[in-house]
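Notes follow the structure.
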Amino acid sequence: MFRKPALITFITAGDPNVKATLDFMLALDKYSDVIELGIPFSDPMADGKAIQKANVRALKAGTRVGDVFNLVREFREHSDTPVVLMTYYNPVYRRGVERFVAEAKESGANAMIVVDLPLEEAGEYLNVCEKYDMGTVFLAAPNTPDDRLRMIDEASSAFVYLISLYGTTGAREKLSQLAFDLLKRAKRICSKPLAVGFGVSKAEHVRELVKAGADGVVVGSAIVDIIGKYGEDAIDPLEEKLKELRSGLFF
Amino acid sequence: MKFGEFGGQFVPEVLIPPLKELEKAYNELKDDEEFKSELDYYLRNYAGRPTPLYFAKNLTEKLGGAKIYLKREDLLHSGAHKINNTIGQALLAKKMGKTRLIAETGAGQHGVATAIAGALLGLKVDVYMGAEDVERQKMNVFRMKLLGAEVIPVHSGSKTLKDAINEALRDWVATFEYTHYLIGSVVGPHPYPTIVRDFQSVIGRETKRQILEIEGALPDVIVACVGGGSNAIGIFHPFIEDRSVRLIGVEAAGKGIETGKHSASLCAGEKGVLHGMLSYFLQDEDGQIATTHSIAAGLDYPGVGPEHAWLKESGRAEYVAVTDDQALKAFVELSKTEGILPALESAHALAYAMELAKEMSKDEVVVVNLSGRGDKDLGIVMEALTCSANQL
């Protein structure tokens, strides 16, 4: 679904409000190969502080699931860059899996990541995604055994998301050796593109991962932190950060 | 393993291997004679099992209906049923080679029971507690610290129990190699609801033996309060096949279901997925989890254990809700008639049982699970009684 190596950038929809998010997406679009758009959730238990706060800001601003679909629809008027929706399962389940996926597809989203939906629970979701031609992305962690990694690869039609560490999302100083070990293992086992995320926050991190063979690198908290700091006025510092991150793709 | 469609393992991928490890260890140990006798030893000699099944004669006579029996879990060490589970899981953690326990707590009862189990078995304990609850429950915070545990205030989200669970899960994804997450109720991803149920079922097994000894027959009704639902599952489970026994779970209606300020997820919630399980949750149309209210902190949770969701759906158990005010009245009533201060959680079960008993005949029997003692609630009760017309 993307040109390699790809810079995949994440923001939370509606942070600090829906209108600003569209402006941010257009800014991200200049430097990113894929945009990952988070659907705000009241209980983001896989996320660290930065993205938790973004979720709170977005919900406080009154962001609804329907607003996120509208956002993608508006973005589509300006750009063809792939959009991946990242969500927890409850907003999907509550809306009805089929209705959610159909609306997401219709709005122009290309793929979905459901953080707390492991393969065991994903039967209906996988069928629906296939029916609507919605791309799927499953996560794999450093402790995911080889046979499971193979199943995750099979279930992921868009790409496989490799988690670089044990923990939640959030910027870290250094990349963990776990990231490189997992990437090496996944390159041997998987056939789909491999994107690495969690803790990636600098051009240097991007460079190291691309050198090690990552097809894509996901940066979230480092970007969301800037939005947290500057609010609606985040465009300039965002572009500066994105330029820096993008420089890591090429060496 | 699921309970009908409920339960499951809705967790980030990284938690799948530790959950599998836990399930395997538990399945190997649960029927192991040495493990069972060690657990039994601590439950008897340390926690104070078996607990009495007490015939509340004064209360029964005053109400003039069915005989009311109280299962006295309030007499356990630590003052509540929580310890049945914490000793069991702490022993399990130790056998798995874990050196640290983490737990979530609302009012602090499960945190205290975990701190006790950690002190007893030599495991480090970190307890996550919503910042608001830390403020409201200072004595229990101090108690946990005295018992050697660290209390980590959680400032995210609504700063209460559900956020403490989120934070404990965040800790666990980073530390599972040496840490056991000791969940305090029949909630969370599989196998937790099963493990906690099994450790709490000692309540129902004893009750069955005791009531057969005293009355020579099974009870007509068993009533227990339901937050996450561990004391209720504990007393219900051994009676599930005894179809003549009505099982009634009592949720917290808070200030009234119609006010939206309650935590009655089975009575007023919708199906959803949170904290690893498919169950009933209080939530909005977008699936955002609601903030809840109950005067009883132990019931103040927006979800409920998946086995309760199944018992409701299958019709085997009934679920009702009782307000803060009704629970307070029952608290005062039991204190005066029987000289027992019930926990505000247990007072919910009692309030419903008292209404029910009045309408029943004198030869019928109602058992109430008195899951904890009320000393921890004195501050709240004092404040509530001074503020209301509900005079002593």
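Read-outs: derived from the displayed coordinates by stated rules, not from any lab. Quantities reported herein were computed from a predicted structural model and do not represent experimental measurements. Cβ atoms come from the backbone with ideal geometry, glycine included; neighbour counts cover every protein chain shown.
Couple of notes before you dig in:
- Applying 1/(1 + (r/R0)^6) with R0 = 56 Å to the Cβ-Cβ distance of A:E240 and A:D133 gives a FRET efficiency near 0.95.
- Shown is the FRET efficiency for B:A174 and B:K271, computed with R0 = 30 Å from the Cβ-Cβ distance and rounded to the nearest 0.05: 0.50.
- Amide H contacts under 5 Å for A:G14: A:T21, restricted to partners 5 or more places along the chain or on a different chain, H placed in the peptide plane at 1.01 Å from N.
- For segment B:253-348, the set of GluC sites (Glu not before Pro) satisfying both a DSSP loop assignment and a count of at most 12 other C-beta atoms within 10 Å is given as B:E285.
- Segment B:203-239 residues near the modelled B:R316 label - backbone nitrogen below 13 Å, point 7 Å along Cα→Cβ: B:233-239
- Length gained on full extension, B:H155 to B:E285: 44.2 nm, using 0.36 nm per residue less the C-alpha separation.
- Mean-position separation - Cα centroids, segment A:206-239 and segment A:55-108, in angstrom: 21
- From least to most packed, judged by other beta carbons within 10 angstrom and beginning with the fewest, A:S247, A:S156 follow the order A:S247, A:S156.
- Packing-based exposure ordering (other Cβ within 10 Å, fewest first) of A:E124, B:E38: A:E124, B:E38
- Charged-residue dipole, Cβ positions (Lys, Arg, Asp, Glu), segment B:98-240 about Cα centre, Debye nearest 20: 200
- As a length-normalised measure over Cα pairs under 8 Å and 6 or more apart, the relative contact order of chain B settles at 20 percent.
- Share of alpha-carbon pairs per 10 Å distance bin for segment A:6-247, given as whole %: 8, 35, 40, 17, 1
- Couplings 3J(HN,Hα) for segment A:98-110, derived from phi with the Karplus relation 6.51 cos²θ - 1.76 cosθ + 1.60 (θ = phi - 60°), are 5, 4, 4, 5, 4, 5, 4, 5, 4, 6, x, 6, 9 Hz, where x marks Gly and Pro.
- Comparing B:L218, B:M354, B:G339 along the charge dipole axis of the protein assembly as shown, the residue lying farthest to the positive side is B:G339, per the Cβ-charge model.
- Test item: Cα-centred dipole of segment A:6-247, Lys/Arg +1 and Asp/Glu -1 on Cβ, debye: 440
- Taking every residue in B:80-92 and counting other chain Cβ atoms within 10 Å of its Cβ, the average works out to 0.
- The mean number of partner chain beta-carbon atoms within 10 angstrom of a residue's beta-carbon across peptide B:158-165 is 1.
- Percentage relative contact order, segment A:6-247, counting C-alpha pairs under 8 Å, at least six apart: 22
- Of B:V125, B:A384, B:F176, farthest towards positive along the dipole that unit charges on Lys, Arg, Asp, Glu beta carbons give chain B: B:V125
- In order through segment A:69-78: 3J(HN,Hα) via Karplus (6.51 cos²θ - 1.76 cosθ + 1.60), integer Hz, x for Gly, Pro: 4, 4, 4, 4, 4, 5, 4, 4, 5, 10
- Here chain B is assigned +1 on the Cβ of each Lys and Arg and -1 on the Cβ of each Asp and Glu. Its dipole about the Cα centre then comes out at about 800 debye.
- Listed by chain and number, the lysines whose alpha-carbon sits under 23 Å from that of B:K94, ignoring those within fewer than 8 places in the same chain, are B:K20, B:K24, B:K30, B:K36, B:K82, B:K124, B:K145.
- Positive-pole candidate from A:I11, A:P40, A:Q52, dipole of segment A:1-94, charges at beta carbon: A:Q52
- Square roots of five times the Cα gyration tensor eigenvalues for the protein assembly as shown, Å: 47, 25, 22
- From least to most packed, judged by other beta carbons within 10 angstrom and beginning with the fewest, B:C387, A:C129, A:C190 follow the order B:C387, A:C190, A:C129.
- Shielding by partners - mean other protein chain Cβ count within 10 Å, residues of B:170-177: 4
- Low-density loop positions, trypsin sites (Lys or Arg not before Pro), segment B:239-340 - DSSP coil, at most 12 other Cβ in 10 Å: B:R243
- The smallest convex shape that holds all Cα atoms of chain B, its convex hull, gives 129 Å³ per residue.
- The trypsin sites (Lys or Arg not before Pro) of segment A:1-77 that meet both conditions, a loop assignment by DSSP and at most 12 other Cβ atoms within 10 Å of the site Cβ, are A:R3.
- Nearby lysines by direct alpha-carbon distance to A:K4 (threshold 22 angstrom, same-chain neighbours under 8 apart not counted): A:K30, A:K184, A:K187, A:K192, A:K202, A:K211, A:K241, A:K243
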